Amino acid sequence: MIKYNGSCHCGNVSFQFKHDEIKSGLRCNCSICARKGAIMTDFVIPPDKLQYQLKEENSLGLYEFDTKVAHHYFCKNCGIFPFLQTMRMPEHYRINLGCIDGLETDELEVSVFDGKSL
Ligand SMILES: [Zn+2]
């Protein structure tokens with residue numbers, strides 16, 4: 001297991017989790033993921049396995065729409081979405097791989113999930 005560290009752009013939101021080496025990622029073509037353009041983890045992290053810290057209270061915003069099952073978290077200062085709670089596995093997190101320290105997203109094998117058709 002590797003300990004991964006990450007943060008939003010301004011550093012108000014930072015997080016840690018442990019996982020085997022990340023070699024692949026996931027894009028989704030649903031209405032919000034297409035707009036974010038982020039490559040996310042292709043695995044989910046249980047709620048008790050993701051630690052995160054906020055430099056300033058209330059710096060984590062929450063965006064929900066439609067069924068409101070998925071929770072899209074963003075930094076209220078820099079606007080980056082570091083992680084979300086998925087629709088397919090409620091309360092479980094997917095991480096924005098671009099937010100992880102030292103991870104080159106260009107080197108990952110990226111698959112596409114057809115969220116648009118759900
Ligand atoms: Zn930020």
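Here, each number is a calculation from the coordinates, and none is a lab measurement. On a predicted model such as this, the values are computed, not experimentally measured, just so you know. For neighbour counting, all protein chains shown are included, and Cβ atoms are generated from backbone atoms with ideal geometry for every residue, glycine included.
Under a crude label model (7 Å from the Cα following the beta-carbon direction), how far is Ile32 from Lys76 in nanometres?
Each label point lies 7 Å from its Cα, and together they span 1.8 nm.
Sequence-distant or interchain residues sharing an amide H contact under 5 Å with His9, placed H: which?
Amide H neighbours of His9, under 5 Å, 5+ apart: Ile80.
Based on alpha-carbon centroids, what's the gap between the range 1-56 and the range 60-118 in Å, whole number please?
After rounding, the separation between the Cα centres reads 7 Å.
Give a quick list of trypsin sites (Lys or Arg not before Pro) in the range 46-105 that DSSP marks as loop, anything other than H, G, I, E or B, with at most 11 other Cβ atoms within 10 Å.
Filter output for the range 46-105: Lys68.
Gln51 to Asp106: extension gain in nm, 0.36 nm per residue of separation minus the Cα-Cα distance?
Computed gain between Gln51 and Asp106 is 17.2 nm.
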